[in-house]
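Input: a single structure, listed below in structure tokens.
The values are calculated or read from the model by the stated rules, or taken from the named source; none is laboratory data. Model, not experiment: these values are computed from the prediction. Cβ placement follows ideal geometry from the backbone for every residue including glycine, while neighbour counts extend to all protein chains displayed.
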Amino acid sequence: MTAFLLEMQEKWKDPGFALAFLGLVTVFVFTRMTRIKFFTFLVLSTAYFLIFRFPDVANHVNFLIYLNLVLITGMVYVWIKRASADHYYAIMCPVLRASLLGVYFWAGFHKLNTDFLNPQVSCSSMMLYRILDMVQSNLLGIPVMLIVIALALSGLWQGLIRPKLKSSQLQKILLLASLSCGGILLYTFGFAYRDYVLLPDVILQANIYFVLAWELLGSILLFVPRLQVPILLLSWLMHAFIAMIGFVDFSALAGSLLFTFIPDHYLQRWQEQSEISLWGQKIHRVRLYFAINAFAGLFSALYYLAYLDFDIKATAGAIFNLASVIFLWPILTQLFTPKNRPAWKGLSVLNSSMPKFMAVFLIGLCCFGFMPYLGLRTAGTFSMFSNLRTEGPRSNHLLMASNPLKRWRYQEDVVWVLDLPAEVVEMDSKNAELEGSALPVVEFKKIIYEWTQMGQTVPVVFEYQGQTYDSPNIIQDPQWQTPHRNWEMYLMDFRVIEPENSGPNLCRW
């Protein structure tokens with residue numbers, strides 16, 4: 001629910017819906033949660049995305065829709081079986097765990113291409129530069145990274161170091177000093193590269209293989225129970241960084257699924273410490289986590305609606321990370337306190353508690369991630385920031401270079417946009433990348449449909465199947481006018497295709 005609201009409040013595209021859902025979910029969270037309330041949220045949020053946003057949605061929104069459908073199906077199943085809420089959680093956990101690993105796997109598999117491995121154009125390099133830029137972002141004149149470091153060190157001191165000072169005082173003080181030095185070095189390193197001085201290729205290349213190892217190899221190793229702890233900690237840390245550069249909603253979604261890997265004895269300790277004293281009042285960690293993240297959404301509103309000048313991505317990310325640390329604190333303190341740490345035996349990703357019919361969802365998720373190689377949609381299939389290119393006779397993928405499994409030709413049936421007037425480009429920022437590029441006909445007609453709905457006059461010069469068209473108003477062109485969407489336009493979503501002679505496939509969403 002928090003991930004959904006963070007998506008709605010990221011840019012406040014639909015302020016009315018965002019406020020309505022904020023009010024509804026706040027009431028649900030701060031009153032007794034029931035299955036009826038959760039089911040209502042799942043149905044309404046799914047309907048909103050499918051009616052008003054699909055198919056042109058981000059990868060994590062497609063994943064959120066999928067998870068909603070999984071949870072709705074499971075809810076109906078336990079109602080029919082007259083099972084308890086605990087049983088619902090038990091049968092949902094395996095499919096939720098496997099679904100997250102499926103997304104991690106596809107995100108890594110799509111990156112096995114020549115352009116992602118090229119440090120000069122790799123999305124991994126772009127992300128690293130964004131992280132370094134984030135280090136220097138400010139909130140009310142104070143560097144956000146220094147705020148994060150101060151909060152982290154304060155939390156470590158209060159929760160782990162100060163209570164244990166009687167034993168091994170020197171080690172604890174040295175640990176705090178080392179962490180402080182590490183934070184200062186990180187800040188200084190970011191300052192040194194704040195103007196995008198190019199990093200050495202060896203650093204960029206190492207970052208590429210690190211990302212591949214985390215997503216591709218990590219998704220496989222999470223199936224091994226005794227290896228889950230380090231990979232879970234790494235994943236939470238990576239999502240903390242990703243949140244700071246603008247992906248708070250996806251980090252919240254992934255974090256909720258990573259939570260399903262926590263064994264029962266750790267969950268029991270978490271339940272025992274689930275309430276926090278705040279200003280003399282007891283508040284549940286779940287509610288505090290939600291409230292802090294809702295506050296991050298209000299910061300986004302101030303930025304996008306009131307045009308206040310601060311780095312909203314880093315600010316929202318810092319707020320989310322603070323909420324996450326508060327939420328996970330009982331788990332973290334157990335893991336990093338060797339004396340009282342219970343054994344972490346890990347959990348099987350899939351087990352017999354999952355109803356067999358739920359495997360249909362996992363197969364569907366696998367097929368959805370495989371779509372680019374079949375010649376179907378290229379956007380939203382967990383190929384985010386992967387440099388993947390499957391259009392044309394050859395792919396840049398290391399294992400699928402000859403496109404051996406491509407059966408549909410949507411990616412090759414394209415329109416080349418040769419000229420767009422300046423006023424058309426100014427209508428929408430995404431129109432700027434159309435000129436000089438290609439679009440599958442399905443995607444081109446989706447844009448014509450949008451222009452039609454806006455009632456605009458749109459002159460455009462384009463080429464299709466070797467013929468050049470100079471249309472004074474494409475929305476009234478007898479051959480291309482699109483007053484309605486067909487089923488392909490409802491289901492398909494494609495990226496803009498760069499010219500083949502333009503060099504490597506650049507990093508795009």
Identify all residues within the stretch 245-274 that are farther than 15 Å from LEU232 by Cβ, in a helix (DSSP H, G or I) and β-branched (Val, Ile, Thr); write none if there are none.
VAL248
Restricting attention to the stretch 91-103, does a residue exist that is more than 22 Å from the chain's Cα centre (by Cα), more than 24 Å from ALA294 (Cβ to Cβ) and touching a residue at least 60 places away in the same chain (Cβ under 8 Å)?
yes
Could you say whether any residue in the stretch 331-347 is in a helix (DSSP H, G or I), under 18 Å from PHE105 (Cα atoms), not hydrophobic (A, V, I, L, M, F, W, C) and not assigned by TED's automatic domain parsing to the domain that holds GLU488?
no
Subset of the stretch 321-354 [farther than 23 Å from GLU275 by Cα and either crowded, with 20+ Cβ neighbours inside 10 Å or in contact with a Gly (Cβ under 8 Å, 6 or more places away or on another chain) (or both)]
VAL349, MET354
Residues that are out of contact with any Pro (no Cβ under 8 Å at 6 or more places or on another chain), more than 18 Å from PHE250 (Cα to Cα) and not charged (D, E, K, R), at least 1 per element: which helices (runs of 4 or more DSSP H) completely within the stretch 1-101 meet that?
15-29, 35-48, 59-81
If we scan the stretch 235-242, do we find a residue that is of a type in the set (A, V, I, L, M), in contact (Cβ under 8 Å) with a residue 24 or more places away in the chain, crowded, with 21+ Cβ neighbours inside 10 Å and in a helix (DSSP H, G or I)?
no
Quick one: which of PHE382, PHE357, PHE320 is part of a loop (DSSP other than H, G, I, E, B) and among the aromatic types (Phe, Trp, Tyr)?
PHE382
Filter the stretch 59-94 down to residues that are more than 22 Å from LEU44 (Cβ to Cβ), crowded, with 18+ Cβ neighbours inside 10 Å and of a type in the set (A, V, I, L, M, F, W, C), then give me how many there are.
2
Taking LYS430, is it closer than 27 Å to ALA58 by Cα, surrounded by fewer than 16 Cβ atoms within 10 Å (Cβ to Cβ) and basic (Lys, Arg)?
yes
Regarding PRO55, is this residue surrounded by 15 or more Cβ atoms within 10 Å (Cβ to Cβ), modelled with pLDDT under 95 and out of contact with any strand residue (DSSP E or B) (no Cβ under 7 Å at 6 or more places or on another chain)?
yes
